[in-house]
1. I'm checking a number: the convex hull volume of the Cα atoms of segment 72-168, normalised per residue, in Å³. What is it?
2. Mind jotting down a quarter of the surface of the convex hull over the alpha carbons of segment 1-87, in square nanometres, one decimal?
3. Per residue of segment 86-94, what does 6.51 cos²θ - 1.76 cosθ + 1.60 with θ = phi - 60° give for ³J(HN,Hα)? Whole Hz please, x for Gly and Pro, Karplus curve as stated.
4. With θ taken as phi - 60° and the coefficients 6.51, -1.76 and 1.60, list the Karplus ³J(HN,Hα) couplings across segment 32-45 in order, rounded to whole Hz; mark glycine and proline as x.
5. Considering only 15, 152, 53, give the residue with the highest GNM mean-square fluctuation for the chain, with springs between Cα atoms whenever their separation is below 10 Å.
6. Considering only 100, 149, 55, give the residue with the highest GNM mean-square fluctuation for the chain, with springs between Cα atoms whenever their separation is below 10 Å.
7. For the chain, what does the helix formula give at 222 nm: sum of -39500 (n - 2.57) over DSSP H segments with n ≥ 4, over the residue count, nearest 500 deg cm²/dmol?
8. Using only the Cα atoms, work out Rg/Rh for the chain, with Rh taken as the Kirkwood radius, to two decimals.
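Here, each number is a calculation from the coordinates, and none is a lab measurement. Note that the structure is a prediction, hence the values are computed from the model and not measured.
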Amino acid sequence: MADDGNTAVSAAIGDLADPDPARRAAAAERLCQAGERARSASVDLVRACGDADESVREWAVAALEAIGPPPPTLVPGLAELATARSQLVAYWAITLLGRSGKDAATVLETLTQCVASTDLAVAQRAAWALGRIGPAAAAAVSALRDAASRGDERLTRLATESIAAIGA
């Protein structure tokens, strides 16, 4: 990325919407290389996980793996994507909400709905994310208990760990 990281990140965000898949993939790659400096691109990168082009999706995931928690101002936008039809989009939106910790308490209702998802990967990630919120997620304990009884070993473990992290 150029020395002016904010300008370069902004340009890459704009290129994620380019009609040319090669330009979108290159933009996602630049954001991946920017690491945590690309946190402001969190919502755009999650959207890119639903791109029709596999290379764009792969670079978007790589970038999301490198950026850490999103800025708190992006939590509402991520919550909107948490219920996306694309499993990859929903998974990454929920992952970033979990990384947000207590800042995601404002979207507790969305995460609680996601823990009941019929998509097991989404439900598991939502159970994990609720635990990252901690005691502020107390209203989700009933949904986590329901999730723990669904019969999936990993979901049961994640829901149980989250209930303990919440303190219930």
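1. Details: hull volume 6.7 nm³, N = 97.
Each residue corresponds to 69 Å³ of Cα convex hull volume.
2. Details: hull surface 20.8 nm².
Its average projected convex-hull area is 5.2 nm².
3. For segment 86-94, the Karplus-derived couplings read 6, 4, 5, 5, 4, 4, 6, 4, 5 Hz, x marking Gly and Pro.
4. For segment 32-45, the Karplus-derived couplings read 4, 5, 6, x, 4, 5, 8, 4, 5, 8, 3, 5, 5, 5 Hz, x marking Gly and Pro.
5. Between 15, 152, 53, it is 152 that shows the largest mean-square fluctuation.
6. Maximum among the listed residues: 149.
7. -20000 deg cm²/dmol
8. My calculation puts Rg/Rh at 1.02.
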